[in-house]
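Remarks on the structure that follows.
The values are calculated or read from the model by the stated rules, or taken from the named source; none is laboratory data. Bear in mind that the values here come from a model prediction, so they are computed numbers and not experimental data. Ideal geometry is used to build each Cβ from the backbone, glycine not excepted, and the neighbour counts take in all protein chains shown.
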Amino acid sequence: MKHLIPLYCLMSLLIMQSCERKIRTEYEYETNPVFTWGQAYFWGDCYANYNIENHVLSLYAFTDSLQLNDKGQLTGFGQYLYLDDIFVSPADTIFPEGTYTVSASREVMTIEPGSLFKEDRVEMDRGACIYFIEKVEQLTIRKFIKEGSMTVSYTDRETIHFKFDFILDDDTELNGYFETEKLIIYDDSVSKESVSSQKMNLFYKRTHQSL
């Protein structure tokens, strides 16, 4: 009888996981979100130690039902686009116009594909991904961006347009756009704190309250 209890618990857990996967498979996530606000970060040549001179930017875009509280933590429901490593030329500190391709080459005008970073006890997402933060907690999910492109254009000196055409790790498409008159770009290239530490702090603040 003692051996049956752990077996029963294991079977119950497997059934629950199977049901959860089925719910997520049948649920239709927003595939063409309109992002209404966002932030960008300039990291400078943060990969110079790896002989990569290109500058790096990050773009974080949110739908209007998501907000940051006074602790910098994400609240609400919606879509959160996380483009962590966007490579531009060493002469650029903002987003040049043009088409950026999802690629692991780290060349100019590329976006690092999404992946899970693990080192010692540290685990965090890096590269490009989308968080679907849903009202039903079991449906909240992160999906990595593996292919696609982002087009950047300007209509005047301040209004910037981002158009997204991505392929996710489950082979579904993610489109959408983000337009803003004044995109805040934080220059963290001069911070005394390491870039990896800054990114980690941002990641845990923005995701661990929701996922």
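Per the conditions (1) farther than 18 Å from Trp43 by Cβ; (2) surrounded by 15 or more Cβ atoms within 10 Å (Cβ to Cβ); (3) in contact with a Phe, Trp or Tyr (Cβ under 9 Å, 6 or more places away or on another chain), the sole criterion not satisfied by Asp64 is (2). Those residues that are in contact with a strand residue (DSSP E or B) (Cβ under 9 Å, 6 or more places away or on another chain) and hydroxyl-bearing (Ser, Thr, Tyr), I need them from segment 33-53; list them, please. Hits for segment 33-53 are Thr36, Tyr41, Tyr47. Looking at segment 71-94, is at least one residue assigned to a loop (DSSP other than H, G, I, E, B), modelled with pLDDT under 95, farther than 24 Å from Glu28 by Cβ and of a type in the set (Ser, Thr, Tyr)? For segment 71-94, residues assigned to a loop (DSSP other than H, G, I, E, B), modelled with pLDDT under 95, farther than 24 Å from Glu28 by Cβ and of a type in the set (Ser, Thr, Tyr): present. The C-beta contact set for segment 14-43 (first residue in a helix (DSSP H, G or I), second residue modelled with pLDDT of 90 or more, distance under 8 angstrom, 6+ apart or interchain) comprises Ile23/Leu139; Arg24/Leu139; Arg24/Ile141.
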